[in-house]
Amino acid sequence: KNQVEQSPQSLIILEGKNCTLQCNYTVSPFSNLRWYKQDTGRGPVSLTIMTFSENTKSNGRYTATLDADTKQSSLHITASQLSDSASYICVVSAPGTASKLTFGTGTRLQVTL
Amino acid sequence: DAGITQSPRHKVTETGTPVTLRCHQTENHRYMYWYRQDPGHGLRLIHYSYGVKDTDKGEVSDGYSVSRSKTEDFLLTLESATSSQTSVYFCAISTHTSSYEQYFGPGTRLTVT
């Protein structure tokens, strides 16, 4: 069964600090891996999308890495801001139709003063 | 939210009543999706559409039906609402299959009492 597991489930950090969120997946075959940010009460918003041939992708202070051999990805947030407080969801796509997306349950990040 | 609106945004209904949620897009994207999001679960696909009048089931389709009579509108109907359908429902759109970027709406919070 295709699965996406994220860790930690929740995380509290001080403003200005860095953090790294983890995503392990068992989806095969693999098309791409995405990270979404979901603010409370809002829909998910895409941060990055990577194919199996990409190792790293950045979007401002967000940097995602992918190791397709070990089926692991990470999302690194640099110099965190209060606005980074949100859930971060890892999503893995297999080739084909809409039924081929597997969503993780997310990491809830809280950035405090 | 990428030109996607959902209505209503909040709804409370009684068990056994029919409920229809609407998703409207202004992006002219071909693919539209309905997901539900529950604590402890990743987003789960209910139904999707790959064109006008073309729809297919997702992994949690029991108790739900959909219709798409126009490119811009995708309706989700709970034929006889149950308490287990209390959830947050998200609509998403994409230009191609789910291997491509998906854009999410703001969500509808449905409570079935």
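The values are calculated or read from the model by the stated rules, or taken from the named source; none is laboratory data. The shown structure was predicted, so the numbers you read here are calculated from the model rather than taken from an experiment. Backbone-built Cβ (ideal geometry, glycine too); neighbour counts: all protein chains shown.
Structure values in brief
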read-out	value
Residues of segment B:68-93 that turn out to be buried (at least 20 other Cβ atoms within 10 Å of the Cβ) and more than 25 Å from residue B:14 (Cα to Cα), as a count	3
Meets criteria (closer than 21 Å to residue A:36 by Cβ, surrounded by 20 or more Cβ atoms within 10 Å (Cβ to Cβ), in contact (Cβ under 8 Å) with a residue 24 or more places away in the chain and facing another protein chain (nearest Cβ under 9 Å)) for residue B:103	yes
Filter pass, residue A:13 being more than 14 Å from chain B (Cβ to nearest Cβ), not in a helix (DSSP H, G or I) and not charged (D, E, K, R)	yes
Selection status of residue A:82, more than 14 Å from every other protein chain (Cβ to nearest Cβ) and within 13 Å of residue A:35 (Cβ to Cβ)	no
For residue A:20: the one exception among (1) in contact with a Lys or Arg (Cβ under 9 Å, 6 or more places away or on another chain); (2) within 13 Å of residue A:77 (Cβ to Cβ)	(1)
Boolean, residue B:65 is more than 21 Å from residue A:103 (Cβ to Cβ) and surrounded by fewer than 20 Cβ atoms within 10 Å (Cβ to Cβ)	yes
Neighbours by Cβ (under 8 Å, 6+ apart or cross-chain): first from segment A:16-28, more than 19 Å from residue A:85 (Cβ to Cβ); second surrounded by fewer than 17 Cβ atoms within 10 Å (Cβ to Cβ) and at pLDDT below 95	A:25/A:2; A:25/A:3; A:26/A:1; A:26/A:2; A:26/A:3; A:27/A:2; A:27/A:3; A:28/A:2
In segment B:1-19, the residues that are β-branched (Val, Ile, Thr) and exposed (fewer than 14 other Cβ atoms within 10 Å of the Cβ)	B:12, B:15, B:17
Only one of A:40, A:105 that is over 15 Å from the mean Cα position of the chain (by Cα), β-branched (Val, Ile, Thr) and within 20 Å of residue B:106 (Cα to Cα)	A:40
Unmet criterion (only one of (1) of a type in the set (A, V, I, L, M, F, W, C); (2) within 11 Å of chain A (Cβ to nearest Cβ); (3) not in a strand (DSSP E or B)) for residue B:81	(2)
Qualifying residue in segment A:56-77 (condition: within 11 Å of another protein chain (Cβ to nearest Cβ) and under 24 Å from residue B:31 (Cβ atoms))	no
Restricting segment A:30-45 to residues that are in contact with a Pro (Cβ under 6 Å, 6 or more places away or on another chain) and in contact (Cβ under 8 Å) with a residue 12 or more places away in the chain, the residue that is nearest to the other protein chains (Cβ to nearest Cβ)	A:31
Selection count where residues are in a loop (DSSP other than H, G, I, E, B), under 12 Å from the mean Cα position of the chain (by Cα) and touching a residue at least 40 places away in the same chain (Cβ under 8 Å), scope segment B:10-60	1
Test: residue in segment A:46-57 that is in contact (Cβ under 8 Å) with a residue 24 or more places away in the chain and not β-branched (Val, Ile, Thr)	yes
